[in-house]
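Report on one structure; see the data block that follows.
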Amino acid sequence: MFFGAIYWSRQKESKPVVRKSTPVVQTTDANLWPMPQPPSHAPHPGSLPSVQVLPEVVRDNRYPEFRGWEPSSLQLCLKALVQQHPRADIRVELDRLIRTGVITLNFQTQDGISALFQVVQKKYVSEHSPGTPDKPEYLVLSVSPDWLASLKTTDEVLEGFLVIYHEYQHYKQWTHGDAMMQMIAKAQEDPELRAKIGLTQEMACKDMWDKETAAYAAECRLANSWNFSHMSLLCESVDTPVWTHAVFTGLASREPYSLYCQRTFAELAGHPNSGMFR
Ligand SMILES: [Zn+2]
């Protein structure tokens, strides 16, 4: 339905991303910069939110573009995830953004990606999107049907809340960003615009680092406020001196960052040997 790179993606934690290309840079070796145990947080007074079972996602082979998932049941399931969310900004604001078409939903992601927020310019929206309103650019929340259908247990639904909250941070980054940030966001998905504004890989990686670091921090703070164990080392490190080290450990070996951004990420994280990355 939409063309796009895999920027701002929220990858599944449990499933390694399938490599489709040969890495062009050295991958991170954790032994070269071992992650210390983060200082322990004081226990949070909060408790786990209550969770209801999400509506079942039904397969329907009439819709091959959704890999056999029936669109209305995908929408119902996502709607429940949004409307039952423990955070009022998701229940109210994100719900409104989706209902009013400010954010366009796309139930299709690349393998290994659970959810993804993108700014896609009109010229990249394919003709296969009937009823798509006419806008210069689209704010697209892509959600994997398989991932959505997999949210069955309480812990899985809580993870689902956290992933949606993470993607909502990217929406807020877009709306609160200055003109340059918005230009970079658009250029991430647009080779012509990249060339026009002279966006270098380093600028794109720095932008990605800032956005992902902030989105993961918000996600981890929310999980910690519930006393919910989530992405253990990463979320134990938020708001401690080892936070950027933990983000580097978590992100730098994942595509697409492993291919393009290791050097920049290493420099930004304070890696003692950032020069070893190309
Ligand atoms: Zn993200």
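The values are calculated or read from the model by the stated rules, or taken from the named source; none is laboratory data. Only a predicted model underlies this, so the values are computations on that prediction, with no experimental measurement involved. Note that we place each Cβ from the backbone using ideal geometry, even for glycine, and neighbour counts take in every protein chain shown.
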Hey, can you tell me all the residues within the stretch 190-205 that are in contact (Cβ under 8 Å) with a residue 12 or more places away in the chain and either within 15 Å of the ligand (Cβ to nearest atom) or among the hydroxyl-bearing types (Ser, Thr, Tyr) (or both)?
ALA204, CYS205
Test of understanding: among ALA269, ALA252, which residue is over 21 Å from GLN118 (Cβ atoms), touching a residue at least 24 places away in the same chain (Cβ under 8 Å) and within 15 Å of the ligand (Cβ to nearest atom)?
ALA252
Close pairs from the stretch 143-166: first closer than 18 Å to ARG221 by Cα and touching a residue at least 12 places away in the same chain (Cβ under 8 Å), partner buried (at least 23 other Cβ atoms within 10 Å of the Cβ) and acidic (Asp, Glu), Cβ under 6 Å, at least 6 apart
LEU162/GLU219; TYR165/GLU219; HIS166/GLU219
LEU148 meets each of (1) closer than 20 Å to PRO256 by Cα; (2) away from the ligand (no atom under 14 Å from the Cβ); (3) of a type outside the set (Val, Ile, Thr) with one exception, condition (1)
Looking at (1) out of contact with any Phe, Trp or Tyr (no Cβ under 6 Å at 6 or more places or on another chain); (2) assigned to a helix (DSSP H, G or I); (3) farther than 30 Å from LEU158 by Cβ, can you tell me which one ARG278 breaks?
(2)
Filter the stretch 111-137 for residues that are among the aromatic types (Phe, Trp, Tyr) and modelled with pLDDT of 90 or more and give the result.
PHE117
Would you be able to say whether some residue in the stretch 198-221 is within 25 Å of GLN84 (Cβ to Cβ), outside the structural domain of ASN106 (by TED's automatic domain parsing) and basic (Lys, Arg)?
yes
Search result, residues across the stretch 161-174 that are more than 10 Å from the ligand (Cβ to nearest atom) and either farther than 15 Å from ALA215 by Cα or touching a Leu at 6+ places or on another chain (Cβ under 9 Å) (or both):
PHE161, LEU162, ILE164, TYR165, TYR168, TYR171, TRP174
For CYS235, which of the numbered conditions (1) free of Cβ contacts under 8 Å to residues at least 40 places away in the same chain; (2) under 20 Å from LEU139 (Cβ atoms); (3) not assigned by TED's automatic domain parsing to the domain that holds LEU105 fails to hold?
(2)
Can you tell me which residue among TYR216, TYR257 is under 17 Å from MET276 (Cα atoms) and either of a type outside the set (S, T, N, Q) or within 13 Å of the ligand (Cβ to nearest atom) (or both)?
TYR257
Within the stretch 170-188, does at least one residue satisfy the condition of being more than 19 Å from the chain's Cα centre (by Cα), in contact (Cβ under 8 Å) with a residue 60 or more places away in the chain and surrounded by fewer than 19 Cβ atoms within 10 Å (Cβ to Cβ)?
no
Does the stretch 81-104 contain at least one residue that is farther than 21 Å from THR213 by Cα, within 16 Å of the ligand (Cβ to nearest atom) and not in a helix (DSSP H, G or I)?
yes
